[in-house]
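Report on one structure; see the data block that follows.
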């Protein structure tokens with residue numbers, strides 16, 4: 001609670017007007033909508049994963065045993081991990097810049113990040129499809145500069161997915177990092193300098209450890225979001241190296257295999273929620289550490 | 001030292017270099033799309049041999065682009081109204097109520113935000129097929145409201161927590177009835193939160209594609225679904241034209257948002 005009202009604390013006349021334990025009727029309409037259009041459908045899907053084609057856990061057994069499904073989940077992990085690593089390495093200096101740049105320049109950089117974030121997802125993915133194709137600008141530039149002789153295959157494979165996903169995810173790691181780095185006391189670094197620490201020492205022993213909670217929380221969030229992404233991987237990826245969300249879509253929409261589709265969806269869901277719980281703990285610890 | 005821009009020394013220029021690189025990386029696809037939409041080459045040659053408005057003419061001549069845009073607008077407006085309305089009510093309950101299980105309800109409201117969208121999409125696809133809401137505007141609106149609601153509630157709850165309830169109580173002491181006090185005192189005071197909720201809800205629906213792909217029918221689809229379908233066939237510059245118009249729309253929204261923030265300060 002950020003503000004406690006005076007009347008509530010003092011228990012004046014309006015306080016009596018409020019029924020104790022009240023307020024539930026206010027949340028009821030949204031709760032009904034959410035139960036009918038979210039909770040119930042998800043539960044029904046999970047139910048189908050253990051009842052179709054027959055009652056039992058055979059769908060989950062197949063999910064674990066099958067080499068095909070295993071490869072899809074491995075691909076998903078791999079791409080998400082690489083995307084997370086790249087976004088952390090690029091996002092960290094950008095967050096740092098946003099904290100220390102003179103106001104006008106910080107605002108400009110911030111505006112560019114927000115603009116890219118707000119631009120329609122499909123519009124951005126389309127741009128990468130065109131930029132990365134064999135006859136696209138990037139291949140032509142590289143050939144023109146004499147760096148490569150043959151055009152690189154940058155799209156319809158995991159390279160394309162990684163580039164597109166990095167682009168999409170970058171703002172999502174920069175923003176939490178900025179919050180963490182704003183909370184670091186500049187005096188601590190001045191103290192480090194007074195104690196004789198050089199720039200490298202001060203970075204390694206003061207700035208980096210203090211921004212670690214932000215890196216962990218932001219990185220985990222990027223990783224989790226990447227795991228479930230659908231649009232960018234299916235447009236920039238190939239047919240031979242699918243990611244988890246595409247597998248679910250295909251099982252259900254093309255193969256009408258509701259049992260397997262439900263099981264794969266549930267696996268992704270559990271994984272996502274478990275990682276979010278972990279992130280929440282990291283975040284809490286970071287806040288406790290600061291207080 | 002490290003957090004003081006002017007005392008960074010050589011490191012300053014390393015950081016600025018990376019900043020310029022990332023700014024270029026973020027802007028490149030956007031500028032490139034705009035350039036392509038005015039280029040004459042159907043094969044997306046860059047730089048284009050000459051400039052043309054042909055793709056915009058194609059766009060406006062095709063009723064499917066117009067129809068899907070209108071569907072998207074209609075859907076987004078309804079989602080905005082529904083999310084802000086339900087979100088406002090729910091926020092009053094969450095911030096001021098004291099019913100048992102309040103924290104659980106709050107957590108449940110935020111669930112659609114952290115769930116992978118694909119899971120929500122296939123679950124709703126199955127459910128709406130059964131109850132006959134697949135391929136209908138009502139289906140689109142309900143599905144999008146569910147994922148817009150967490151953002152609306154977060155924005156309104158933040159505003160409501162900052163607002164001092166004593167002011168509303170004072171209005172009641174002065175003779176206003178509780179509804180009048182909420183309507184004339186509290187709601188104007190939290191208008192920035194409401195506006196934020198509306199923008200988030202609108203954009204959530206407007207940009208949403210995964211659920212919409214599963215919800216769409218051959219006769220009823222949103223703009224993102226139409227772009228998606230077009231992209232799967234070929235990389236026509238008409239998509240670049242559509243993307244450019246979407247970009248202009250986003251910029252306009254950002255300007256309005258900035259203007260609104262400036263005005264309420």
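No value in this document is a laboratory result; all are computed from the given coordinates. Note that the structure is predicted; figures quoted are calculated from it, not measured. As a convention, Cβ positions derive from the backbone with ideal geometry for all residues, glycine included, and neighbour counts pool all protein chains shown.
For this structure, a couple of remarks:
- FRET efficiency, 1/(1 + (r/R0)^6) with R0 56 Å, evaluated for residue B:131 and residue A:190 via beta carbons: 0.30
- Here the sum of -39500 (n - 2.57) over DSSP H runs of 4 or more residues, divided by the residues of chain A, equals -23500 deg cm²/dmol at 222 nm, to the nearest 500.
- Averaged over the residues of peptide A:211-224, the number of Cβ atoms from other protein chains lying within 10 Å of each residue's Cβ is 0.
- The share of Cα pairs per 10 Å bin across the protein assembly as shown, counted from zero up to the longest distance, runs 3, 15, 24, 26, 19, 9, 2, 0, 0 percent.
- Relative intensity of segment A:80-212 on a log10 scale, I(q)/I(0) at q = 0.11, 0.20 Å⁻¹, equals -0.56, -1.14, per a Debye sum over C-alpha point scatterers of equal strength in the absence of solvent.
- Segment B:33-121: proportion of alpha-carbon pairs further apart than 22 angstrom, %: 60 percent
- Here r is the Cβ-Cβ distance between residue A:147 and residue A:270 and R0 is 45 Å; the resulting FRET efficiency, rounded to 0.05, is 0.50.
- Volume of the Cα convex hull of segment A:174-291, divided per residue and given in Å³: 121 Å³
- For segment B:20-39, the residues whose backbone nitrogen is under 20 Å from a point 7 Å from the Cα of residue B:258, taken along Cα to Cβ, are B:20, B:23-32, B:34.
- The packing ranking, built from the mean of other Cβ atoms within 10 Å per residue, places the peptides A:231-237, A:132-138 in the order A:231-237, A:132-138, highest first.
- Annotation: Cα Rg of segment A:36-80 relative to the compact-globule expectation 2.2 N^0.38 Å equals 1.45.
- Taking 7 Å steps out from each Cα toward its Cβ at residue B:138 and residue B:110 produces label points 3.3 nm apart.
- Residue-averaged beta-carbon neighbours from other chains (10 angstrom radius) around A:227-237: 3
- In nm, spacing of pseudo-spin labels at residue A:36 and residue A:172 (7 Å Cα→C-beta vector): 3.1 nm
- Each Cα pair of segment B:104-252 feeds into the Kirkwood radius, which the Stokes-Einstein equation turns, at 25 °C and 0.890 mPa s, into a diffusion coefficient of 136 µm²/s.
- Full-stretch length increase - residue B:81, residue B:236 - with 0.36 nm per residue and alpha-carbon distance subtracted: 52.3 nm
- Normalised by residue count, chain B yields a Cα convex hull volume of 211 Å³ per residue.
- Sorted by Cβ density within 10 Å, fewest first, the residues A:69, A:126: A:69, A:126
- Protection proxy ranking, peptides B:51-58, B:198-205, average beta carbon neighbours within 10 Å, highest first: B:198-205, B:51-58
- Treating r as the C-beta distance of residue A:55 and residue B:74 and R0 as 35 Å, the FRET efficiency rounds to 0.25.
- Within chain A, the percentage of alpha carbon pairs spaced more than 32 angstrom apart rounds to 47%.
- For residues of B:13-21, the mean tally of beta carbons on other chains within 10 Å: 4
- Cα-based equivalent ellipsoid of segment B:220-265: semi-axis lengths in Å, sorted from largest, via gyration tensor: 31, 11, 5
- Pairwise label distance in nanometres, residue B:24 with residue B:249, each label 7 Å out on the Cα-Cβ vector: 3.2 nm
- Peptide ranges B:143-150, B:38-45, A:238-245 listed from the most packed, as the mean C-beta count within 10 angstrom indicates: B:143-150, A:238-245, B:38-45
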